[in-house]
1. Check Ala28, Ala21, Ala50 and return the single one that is open to solvent by less than 100 Å² (accessible area, probe 1.4 Å), modelled with pLDDT of 95 or more and farther than 30 Å from Met69 by Cα.
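The values are calculated or read from the model by the stated rules, or taken from the named source; none is laboratory data. The structure displayed is predicted, hence computed values, not measured ones. These area figures cover heavy atoms from the full protein model, side chains too; ligands, DNA and RNA do not enter into them. Shrake-Rupley method; radii C 1.70, N 1.55, O 1.52, S 1.80 Å.
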Amino acid sequence: MTTLKSRVAAPGKKISEIMGAHKAADKARRQQYKQTRADYDRKVLLVGEAVLRRVDRGEWDEAEFRQMMDDALSRPADRALFDLE
């Protein structure tokens, strides 16, 4: 009877192991995605800061900057940030 119980329990144990491994892989994938997104957001922030600094210093023509932003932005809230009509 003991061997029968162990035979019945073995597949259940195997399934639990597989599900645990799957859960760990999902968690790692979510963490990787989160880090990749955070890295991208940081890059965007730094590029924007560098561009604005150049405009403020006069290293980049403000009219060119405004034209670039006019071409790139479509949402009214975003356009309002740069006083674009």
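1. After applying the criteria, what remains is Ala28.
To keep it simple, each residue is scored yes or no on (1) open to solvent by less than 100 Å² (accessible area, probe 1.4 Å); (2) over 28 Å from the mean Cα position of the chain (by Cα); (3) not acidic (Asp, Glu).
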{"residue": "Thr3", "(1), (2), (3)": "yes, yes, yes"}
{"residue": "Ala10", "(1), (2), (3)": "yes, yes, yes"}
{"residue": "Ile15", "(1), (2), (3)": "yes, yes, yes"}
{"residue": "Gln32", "(1), (2), (3)": "no, no, yes"}
{"residue": "Val44", "(1), (2), (3)": "yes, no, yes"}
{"residue": "Arg66", "(1), (2), (3)": "yes, no, yes"}
